[in-house]
1. Quick one: how many residues across the range 46-60 are open to solvent by 30 Å² or more (accessible area, probe 1.4 Å) and over 38 Å from the mean Cα position of the chain (by Cα)?
2. For the range 461-508, which residues satisfy the criterion of being over 21 Å from T560 (Cβ atoms) and acidic (D, E)?
3. For the range 567-686, which fully contained helices (runs of 4 or more DSSP H) count at least 3 residues that are assigned by the TED database to the domain that holds G254 and modelled with pLDDT under 85?
4. Given the options G74, G99, name the one that is assigned to a helix (DSSP H, G or I), crowded, with 17+ Cβ neighbours inside 10 Å and at pLDDT below 90.
5. Do you know which of the residues in the range 577-596 that are of a type in the set (V, I, T) and under 22 Å from M285 (Cα atoms) is most open to solvent (accessible area, probe 1.4 Å)?
6. Sort out which residues of the range 366-386 are within 12 Å of S348 (Cα to Cα) and assigned to a strand (DSSP E or B), and write them in order of number.
7. Could you tell me which numbered condition V574 fails, if it satisfies all but one of (1) buried (at least 20 other Cβ atoms within 10 Å of the Cβ); (2) touching a strand residue (DSSP E or B) at 6+ places or on another chain (Cβ under 9 Å)?
8. Which of the following residues is in contact (Cβ under 8 Å) with a residue 40 or more places away in the chain, within 28 Å of I172 (Cα to Cα) and buried (at least 19 other Cβ atoms within 10 Å of the Cβ): D554, D526?
Amino acid sequence: MNAPLQTPARVKHVKHQAQTSLAALWKPALKQAFVKLDPRQLVRSPVMLVVELTAILTTVLCFIPHPAVSLGLGVQIALWLWFTVLFANFAEAMAEGRGKARADSLKAGSQGLTARRRVAENQYQAVAASQLRKGDIVRVEAGELIPGDGEVIEGIAAVNEAAITGEPAPVIRESGGDRSAVTGNTRVVSDWLLVKITSNPGESTLDRMIALVEGAKRQKTPNEVALDILLIGLTLIFLLVVATLQPFARFAGGDLPLVYLAALLVTLIPTTIGGLLSAIGIAGMDRLVRLNVIAKSGRAVEAAGDVHTLLLDKTGTITFGNRRCSFMVMAPGVDAQTLAEASLLASSADDTAEGKSIVEYLRSSSALQLPPQSEIKAIPFSAETRLSGADWQGRSYRKGAVDAVLNYLNLGRDGLPAPLAREVEKIAQSGGTPLLVAGEGRLLGAIHLKDVVKPGIRERFAELRTLGIRTVMVTGDNPLTAAAIAAEAGVDDLIAEATPEKKLQRIRSEQAEGKLVAMCGDGANDAPALAQADVGLAMNDGTQAAREAANLVDLDSDPTKLLDVVQVGKELLVTRGALTTFSVANDVAKYFAILPALFAGIYPQLGALDIMQLHSPQSAILSAIVFNALIIIALIPLALRGVRVKALDAASLLRRNLLIYGLGGIIAPFIGIKLIDLLLVALGLV
């Protein structure tokens, strides 16, 4: 029943691809750039609203003759002021376009969706999914789409979440436990579920995902609001400065055309960052959505960029979560080949992750091959016997827990050979799990299963440490085991035998020292800590309590994603800071271009500032205005892509950005304005 209206019962599911390439986006973005000229839309960007009002004023002045300003020059200045606004709108529209393409692809699968809502016991009514409210109960059967976010209260089924996560492999959802949460617009592929809706229209995961990437609906982050206030303040200051120049000029016996003053105002105010600020924020959120992470607020993303401490679960984040075969120890009198062959046969019927890891380990370290399956009598692993094995050519091979194998051989603990007993004890003390292998009625050796640290995680933690971020491993293991894994992974600190109270206490103690803390979790017991943390990342397949407490939700349910979120947050902050630095710095060169042009005739002493030796006052003013517009277009790719954050400490990162974007912001306009001046003269435009 939960299929789009006016669609046959058997629906072929079409995957809608988001068209986010430049070729697919530039035409719609160009159209939107003109639509955004509406002052009601530009109110969100006060600096660009001032530029538009200045462009309107300059356009009107073109029809009012002035002896010092030719009609051609006035028209060119007006046009380039309009281009400045259009280029800024184009940058925002490009960022929005990438997000809107993703939003449209997400919306496409949910248009006209219906649901089977329960009205009484075993009685259901067909309603539009948009009519569902929090607390409604719906039944979803195989082949149908789940109409909204909810909690499974009855049933068990495989659910394909590819529409949200991009991962085609179905996952199991069932009532109770930590895997009961379901997401709207995902498809049940087997059995049925009874789902209690947990969000009202406009509040679901899909709705939040769409709102994140549709820039017009995006709420400004606190840092954006603060920067907007700063830009408005600078604009008001320069407006007052420009307003006072005409009285000074007339006092000295001169006169400044209003068109020139309008051009001066636009070159003085921070138009570059004013035009790109919105695009930077939208692009940052878009990068987060591409990671399949939903943010409930932009503040969480910014906090991730400033975070000082990461609390990371050991299982699934630092380690693979499943114990894996690390090495094997031979019993006295047994050679390596015999132990390897017996271990491979004994593990061939073990479908657990540990059993498969033994087979992978043996096949990667030797050329061993299993005999044909028809010749083997497999003994699958059982939780009751804690053994697996195989009978082959009249010989029996078994592998399992230490006491289980000893019982199988009718041996007591004292039946272990002393060297093998020492190795088993050493494995246990190091935090690993020892397994015994038996063949032909005797002990052959032991297998060391350990919680394997993910490759590259140590290097990643080292990069975070360079950036000033401390990592804390959280685990339920005993202190000895936890310390061994922490040393191997290279974390800065650990919390062993962790409880929800311990996590909460650690977060509060870090925050009391003025630090921002990030953590991830998926269980109901993680909810208090997720709510307390400045950045709380919940797993989508976790409990509803965890998802509601966190301010970020990972749709892929990958705990390591927290490291990527921190990277995105830092890129967002660094990009905004770098382009703000560039914008303020490149105003310096514009002063050297436009101030001598305006005042050299009135105050000859200012001619010393004309270090660019531009062709004429008219070409100087027009060159500055043209550069002011073109630099926005030139910086759009950087605003959308973001400044890459390298593993440097805060002081080194600041020096690097000041050198590149501060010094570059000063030098680039000198070169750019001079080249534009030469081009304008060569084309005879001035």
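The values are calculated or read from the model by the stated rules, or taken from the named source; none is laboratory data. Only a predicted model underlies this, so the values are computations on that prediction, with no experimental measurement involved. Here the Cβ positions follow ideal geometry from the backbone for every residue, glycine too, while neighbour counts run over all protein chains shown. The protein model used for the area step is the full one, side chains on, heavy atoms only, and it has no ligands, DNA or RNA in it. Shrake-Rupley method; radii C 1.70, N 1.55, O 1.52, S 1.80 Å.
1. Quick first cut of the range 46-60, residues open to solvent by 30 Å² or more (accessible area, probe 1.4 Å) only: 46, 49-50, 53, 56-57, 59-60.
Narrowing further to those that are over 38 Å from the mean Cα position of the chain (by Cα): 56-57, 59-60.
Total meeting the criteria: 4.
2. E497, E501
3. In the range 567-686, 650-657 are the helices (runs of 4 or more DSSP H) which contain 3 or more residues that are assigned by the TED database to the domain that holds G254 and modelled with pLDDT under 85.
4. Working: G74 fails: at pLDDT below 90.
Only one candidate qualifies: G99.
5. Going through the range 577-596, the residues of a type in the set (V, I, T) turn out to be 580-581, 584, 588, 594.
Checking which are under 22 Å from M285 (Cα atoms) leaves us with 580-581.
Numbers: T580: 26, T581: 45 Å².
It comes out as T581.
6. Listed by number, the residues that qualify are I376, K377, A378, I379, P380, F381.
7. Among (1) buried (at least 20 other Cβ atoms within 10 Å of the Cβ); (2) touching a strand residue (DSSP E or B) at 6+ places or on another chain (Cβ under 9 Å), the lone unmet condition for V574 is (2).
8. D554
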